[in-house]
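**Student:** First the structure, then my questions, so here it is.
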Amino acid sequence: MLQLKVRRRNRRGVTVIELTIAMIVLIFLALASFFTLSNLSSDSKAEASVSVLEKMRLWGDTVLAKGVQTDFDNFNTIQKPEDQQVQDLKKILGDNFRPQNLQVSLAALCANANVPGNLKNRVSAALGLSSPDGQCPANLPTAGFGEGQYPTPANTGGTASPFYIAP
């Protein structure tokens, strides 16, 4: 191996120092994206849970507007998406009607300080309560409003449910 009098470019690729710097930068980017995505995931779960409550209220209003007692009874006795009442109500509410479960419990949603006030206001409105200050209601119902549960009238207190349809 003869030493050249002229400096030649490193033809082997990157040096260990360059590789270390690149790895550090990539690790910081990965951590930043991980924490950003985990925050977005919890926000989307809260949003999905509130949307479920609003859909249940909207579906109940649609069945109430039709004014047929059999449909009221079907809506009030649904417990899960596989129930026969869901199939019967699809004639009124459309083929996309399917009760959905809550992604996060209302107690956890309301206790989380990172959940925006507008979501808490929407929870209050969906439950038929008012909260102008962006807080969850003090008398937050617990039955049927846990993570993975279906907020249908049968699961949320029967005739005392905020979604119960009375003739």
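The values are calculated or read from the model by the stated rules, or taken from the named source; none is laboratory data. All of these numbers come straight from a predicted model, not from anything done at the bench. Cβ placement follows ideal geometry from the backbone for every residue including glycine, while neighbour counts extend to all protein chains displayed. For the accessible areas, the whole protein counts, side chains as well, though only heavy atoms, and no ligand, DNA or RNA atoms are used. Shrake-Rupley method; radii C 1.70, N 1.55, O 1.52, S 1.80 Å.
**Student:** Is at least one residue of region 41-62 of a type in the set (A, V, I, L, M, F, W, C), at pLDDT 90 or above and in a loop (DSSP other than H, G, I, E, B)?
**Tutor:** There is no residue in region 41-62 that is of a type in the set (A, V, I, L, M, F, W, C), at pLDDT 90 or above and in a loop (DSSP other than H, G, I, E, B).
**Student:** Continuing with the same structure: Show the residue pairs that are 6+ apart or on different chains and have beta-carbon atoms under 7 Å apart, the first residue being within region 143-167 and not assigned by the TED database to the domain that holds Asp73, the second being among the β-branched types (Val, Ile, Thr) and not in a loop (DSSP other than H, G, I, E, B).
**Tutor:** Listed pairs, sorted by first residue: Pro151/Val52; Ala154/Thr77; Ile165/Val63.
**Student:** Further question: Mind checking whether some residue in region 70-78 is in contact (Cβ under 8 Å) with a residue 12 or more places away in the chain and either within 13 Å of the chain's Cα centre (by Cα) or not in a helix (DSSP H, G or I) (or both)?
**Tutor:** yes
**Student:** Now, a different point. Just to be sure, is Asn96 closer than 16 Å to Met56 by Cβ and either without any contact (Cβ under 8 Å) to a residue 24 or more places away in the chain or small (Gly, Ala, Ser) (or both)? I'd like the intermediate steps shown before the answer.
**Tutor:** Details: closer than 16 Å to Met56 by Cβ: yes; either without any contact (Cβ under 8 Å) to a residue 24 or more places away in the chain or small (Gly, Ala, Ser) (or both): yes.
The answer is yes for Asn96.
**Student:** Right, next: Identify the residue in region 80-92 that is open to solvent by less than 30 Å² (accessible area, probe 1.4 Å) and out of contact with any Lys or Arg (no Cβ under 7 Å at 6 or more places or on another chain) and, among all such residues, is farthest from Gly146 (Cα to Cα). Let's see the steps before the verdict.
**Tutor:** The first filter runs over region 80-92 and keeps only residues open to solvent by less than 30 Å² (accessible area, probe 1.4 Å), leaving 81, 83, 86, 89.
Within this subset, residues satisfying the condition of being out of contact with any Lys or Arg (no Cβ under 7 Å at 6 or more places or on another chain) are 83, 89.
On the way: Asp83: 20, Leu89: 25 Å.
So the residue we want is Leu89.
**Student:** Pick out the one residue from Ala65, Ala166 that is out of contact with any Leu (no Cβ under 9 Å at 6 or more places or on another chain), surrounded by fewer than 16 Cβ atoms within 10 Å (Cβ to Cβ), more than 13 Å from Leu53 (Cβ to Cβ) and modelled with pLDDT of 85 or more.
**Tutor:** On the way: Ala166 fails: out of contact with any Leu (no Cβ under 9 Å at 6 or more places or on another chain).
That would be Ala65, the only listed residue that is out of contact with any Leu (no Cβ under 9 Å at 6 or more places or on another chain), surrounded by fewer than 16 Cβ atoms within 10 Å (Cβ to Cβ), more than 13 Å from Leu53 (Cβ to Cβ) and modelled with pLDDT of 85 or more.
**Student:** Among the residues of region 79-88, how many are over 24 Å from the mean Cα position of the chain (by Cα) and closer than 20 Å to Thr159 by Cβ?
**Tutor:** Going through region 79-88, the residues over 24 Å from the mean Cα position of the chain (by Cα) turn out to be 84-85, 87-88.
Now narrow it down to the ones that are closer than 20 Å to Thr159 by Cβ: 85.
Number satisfying all stated conditions: 1.
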